[in-house]
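Below is one structure, written out as structure tokens, with a few remarks after it.
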Amino acid sequence: MTTDILSTLRNIIQDVNDASGLEQALNITVKRIKQVMQVDAVSVYFRDNTLQQLILMATDGLNQNAIGKIRFNLDQGLIGLVLKQAEPINIEDAHEHPDYHFVTETDEISFHGFLGVPIIQHRQVLGILVVRQTRRRRFSANDETYLVTLAAQLAGAISHAKKMGELTSLLKNIDGQSFHLSGISGSSGVAIGEAHVVYPPASLSAVPDKQIAPAEVDEQIREFTNALSSVEKEFKDLSQRMAGVLSKEDIALFDVFALMLRSDTLTEAVIARIKAGQWAQGALRETITEHVKKFTDMEDAYFRERAVDIKDLGLRILMHLQKSQREIKQVKGPVIMVAEEITVSHFAEVPLEYLMAVISSKGSASSHVSILANALGLPSVVGVDDLPVSRIQGQQLIVDGYQGQVYVKPSAALLEEFYRLMDADKIHNSELSELVDKPSETLDGVHIALHVNTGLLEDISPSLKSGAEGVGLYRTEIPFLIRDGFPGEDEQAKTYRQILKSFSPRPVTFRTLDIGGDKALPYFPIEEENPFLGWRGIRIMLDHPELFLTQIRAILKSNVYQNNLRLMLPMVSDVAEVDEAVALIRRAHQELNDEGLSLPFPVLGLMIEVPSAVYQMRALAKRVDFFSIGSNDLTQYLLAVDRNNKQVAALYNSMHPAVLHAIREVVNSAHLYNKPVSVCGEMAGDPASALALVGMGVDSLSMSAGSVLKVKMAIRLFTKADTEALLKEALAMENVADIRLLFDRALEQVGASSLIKKKSQ
Ligand code: PEP
Ligand code: MG
């Protein structure tokens, strides 16, 4: 490539990266390519997976009215061929090619020279970039390289737009037809309801559009001007507080901010948008985005810098608006919570009686959001790539948690189908409910205790109703996650006491605070490159003995009447951690006894969820009374697959041969040293993998309340020897699909197909 072409390439790439959105990026690309390559037409086609079509998305040289209208089937024409072959196709005269397909709207009759390259990301063809020449033209190798380089750039822009939901809005007319979105099944079940978008505080891009009635305009304007005054006051306070700390020039920045705040262009533009029917937050988002873009486009570096200030200003105003516009009370009917990323604290925003399901663009089946949704008996679909968060508020949705699908604005026929499925689910659940008082034992009478995983007070009643024999995992971090600050000792003790009392005399296993990873406390931020390999669980607690001691004291104190308490430490990777933790527990115990409370030393257990613990069972068994296998983390660490990363979600599987072998090793070692062992990861709640665990000889299984009866049903259909024989066969297998099939078939053969986990697409 000549230096000239190289430098234009660099410029285009820069412009594509700076573009305010995908539409702009596409328009820049087609225009610039046309100039540089001196071709007669440049066009970009996107692949729409729902409609299974290639759609013209941008062009320079073809009829502009054809954008969005020209649609090819995936195997149609020369661009269909580029898609199929996933490599460039360079033809001197397209008319002579057998795959040539004439389309009137594009006036293609006049084009002969054709070069099409696929836009590829993660092995998938997202679209096609095509240049055309009126005359016959054989494009050079350099032309091909040039176009391939730009297609790679576009791939980045498209996949970013996908994440932001922009692609869905471009491809689909959201206000019109119905469409569906694919994700990963987070928890099973079906729900129908209205989309209720929740967003992280102060995230402009996630603010949804919302139309307001004329009567609401004044109120919205008032809220906006109040927010402005609050920010102004904030700046004044800040500049006073910082007077002795910052230089005069830096302090002057606050004045610049205050000036911007009072600038008519900003406030008037927001107010005009409110008057046109947009709510204050949406009007602010649009205005700030517009201003930021204006400044970013400026040549002068100083002004480009100001774009950052405007964004910051926008966020501050938004924060105040959100304080006054929280919608907690406005939810009055069944809703489906929608967000880019759902955090545990979002569950506190919607009254649980109205919450029907959860969908998010981030996350995977083993993320804590999915686990929590499952615990609450809510269907969830996560990892929905192209979720149009900002445009979906209030739309009717069907959430199919079995298949990982979401249907937006479903047709009457589809609704009817899903209502039928919901009825069938109800019947299945009522059949299961007959098992509540039946024992959890195999056909030959071997008892396997079934416990629940919980963490929310709302969960107590379903847990008790499930007939569970105790709590195998109480995730103490959950109450911490839905608050604004660390709860004190007495407040914690009150919650723990309530749990112990509700389940008494059944045992309750409290796991000490397991924050870090994907569970960050809003008031205890942790910034790390690799949070799952970082400061997590027991590591944080040992570095913060004051937090650990407070929690241990609260847990021990709560046991004052019931004596059904068990204590468990998460994320242990080293024996020294256990010794240190035990020393602190002894200290807390001693302190409480010195204070006059005569409390027993708790039954103590460890979670086996880090591979290093699998190989230290002998040393660990000397130190504690029981083990519980955290298969969610053990799977992620053994397979090197981030449990939260949807990109690698297909590789995450707790029935992987390596995971099964590791768990068997732990169960055998625990029994060798006479310690009971349970499994409290999600695999314990899946009937098929639960059978494998029974075959291994685990003493108990702990799972979401909603899974207890399904697992009980499975256990009651097999003898212990059956499960051992299945396990033996599974352990000899080399890949996960065969193992899954083996157990699914076994369930099918005993007439329990309803217990087979449906595969998400
Ligand atoms: C696990 O890792 O299996 C587990 C039960 O803990 P959590 O899912 O809360 O990390
Ligand atoms: Mg874990």
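Values quoted throughout were computed directly from the atomic coordinates according to the rules given, and no laboratory measurement underlies them. Nothing here was measured: the structure is a model prediction, and the numbers come from that model. Reconstructed Cβ throughout: ideal geometry from the backbone, glycine too, with neighbour counts over all protein chains shown.
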Item to check | Within straight-line cross-link reach of Lys275, lysines at Cα separation under 17 Å, skipping those fewer than 8 residues along the same chain | outcome: Lys210
Checklist entry - So, in Å, what gap is there between the alpha-carbon centers of the range 700-761 and the range 69-84? => result 44 Å
Checklist outcome for this item: Expected sort for 706-716, 306-316, 621-631 on mean C-beta neighbours within 10 Å, highest first, is 706-716, 621-631, 306-316
Checklist entry - At a Förster radius of 51 Å, what calculated FRET efficiency corresponds to the Cβ-Cβ distance of Thr149 and Glu234, to the nearest 0.05? => result 0.65
Checklist entry - Among Val344, Asn142, Leu693, whose Cα sits farthest toward the positive end of the charge dipole of the chain (+1 at Cβ of Lys/Arg, -1 at Cβ of Asp/Glu, about the Cα centre)? => result Leu693
Next on the checklist: Could you work out the relative contact order of the range 434-755? I mean the mean sequence separation of Cα pairs under 8 Å and 6+ apart, divided by the number of residues, in percent.
Outcome noted: 20 percent
Item to check | For the chain, size of Cβ-based charge dipole, Lys and Arg +1, Asp and Glu -1, in debye | outcome: 820 debye
Checklist entry - So what's the convex hull volume per residue for the Cα atoms of the range 502-660, in Å³? => result 140 Å³
Checklist entry - What is the distance in Å between the Cα centres of the range 346-388 and the range 611-665? => result 24 Å
Checklist outcome for this item: For the pair Val648 and Glu417, the simple spin-label estimate (label points 7 Å beyond Cα toward Cβ) gives in nm 3.5 nm
Item to check | Rg(Cα) / (2.2 N^0.38 Å) computed for the chain, rounded to two decimals | outcome: 1.08
Next on the checklist: How big is the dipole moment of the range 322-470 about its Cα centre under a simple scheme where the beta carbon of each Lys and Arg is +1, that of each Asp and Glu is -1, and everything else is neutral? Debye, nearest 20, please.
Outcome noted: 720 debye
Next on the checklist: Expected output is a single nm value to one decimal: the length gained when fully extending between Gln14 and Val308, i.e. 0.36 nm times separation in residues minus the C-alpha distance. What is it?
Outcome noted: 104.0 nm
Checklist entry - Which of the lysines could a cross-linker bridge to Lys622, judged by Cα under 22 Å and excluding same-chain residues fewer than eight apart? => result Lys675
Item to check | Whichever aspartates and glutamates have a C-alpha closer than 14 Å to that of Lys233, once near sequence neighbours (fewer than 8 apart) are set aside | outcome: Asp255
Item to check | Distance (nanometres) between label positions extended 7 Å along Cα→Cβ at Glu734 and Asn27 | outcome: 5.6 nm
